[in-house]
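The values are calculated or read from the model by the stated rules, or taken from the named source; none is laboratory data. Bear in mind the structure is a predicted one, so any value in this text is a computation, not a measurement. Reconstructed Cβ throughout: ideal geometry from the backbone, glycine too, with neighbour counts over all protein chains shown.
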Amino acid sequence: MFSTDHDARQMAEGFRRNCYHLPPVEAPFYFRNGGKAAMIRLLHAAPHTDNLDVYVNGISVFQNISYTDLSSYVRFPAGRIQIDVFQRGRAHGPLLSVQYHLIHGGYCTVAVTGTAAKLIPVGMYDRPAADPESRSIRFVHLSPDSPALDFAVQNGPVLFTGVPFQTVTRYIQVRSQKIDMEVKAAGSTAVLLKVPKITLHAGESTTLYGLGFVNGSPSLTIKAAPFPAKAPPS
């Protein structure tokens, strides 16, 4: 777990940099209680790490999350929260503890990456496409042993350049409904991974999570997650 306030402050600051406030006019699932809550979900992105149980403010919220699993959103009161991550079935000795501040009406994803020896949280806000006809994507580098990465259209332009580990890019708009992508080491022509036929729907923004290892198993892969995702009933 984090052993110093400095580590926690660094991660919290990274979360704030990657967050986007979603006012009522932009958020398709804004809360009927006047926006006094937020939505949070968890991505297990730490290879060779046991299944995880996650507590938020001392409440068991996500149970038995396995590697590459992305949970559904869970409604939680906005404001300061503490997230404690435990090995499955253990409610003491957290592997990771971190505090964040949830914005009213925000949809937040917290990815747990790194390795079993050192888990690292990467927080971000999810937001919809700019309008019902547009499509947007972003890239999140969660591969612990990868260098900075370029994310490019196959035989086309580089969309995200030199993305370091733990970094969440900004969303960019794209026109294509399906797109073939490839991942390269930053500045290199050598392709580390080809990602064919990513489907992008109008009105959705899609986050592309880079998971796994460049050298070793499980190997580098891309997990695509569109937003909006279905919100639970009020």
Exercise. Looking at this structure, is residue 222 buried (at least 16 other Cβ atoms within 10 Å of the Cβ) and modelled with pLDDT under 95?
Worked result: no
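Here is a check on your reading of the model: is residue 114 in contact with a Pro (Cβ under 8 Å, 6 or more places away or on another chain), assigned by TED's automatic domain parsing to the domain that holds residue 39 and on the phi > 0 side of the Ramachandran plot?
Considered against the rule, which asks whether it is in contact with a Pro (Cβ under 8 Å, 6 or more places away or on another chain), assigned by TED's automatic domain parsing to the domain that holds residue 39 and on the phi > 0 side of the Ramachandran plot, residue 114 comes out as yes.
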Seminar exercise, completed: Out of (1) of a type in the set (Asp, Glu); (2) crowded, with 17+ Cβ neighbours inside 10 Å; (3) not assigned by TED's automatic domain parsing to the domain that holds residue 50, the one residue 84 does not meet is (3)
Exercise. Among the residues of region 100-120 satisfying the criterion of being touching a helix residue (DSSP H, G or I) at 6+ places or on another chain (Cβ under 9 Å) and more than 14 Å from residue 54 (Cβ to Cβ), which is surrounded by the most Cβ atoms within 10 Å (Cβ to Cβ)?
Worked result: 120
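May I ask you to list the residues in region 162-180 that are under 19 Å from the mean Cα position of the chain (by Cα) and either loosely packed, with under 15 Cβ neighbours inside 10 Å or of a type outside the set (Ser, Thr, Tyr) (or both)? Explain how you work it out, then say what you get.
Quick first cut of region 162-180, residues under 19 Å from the mean Cα position of the chain (by Cα) only: 162-173.
The answer is 162, 163, 164, 165, 166, 168, 170, 172, 173.
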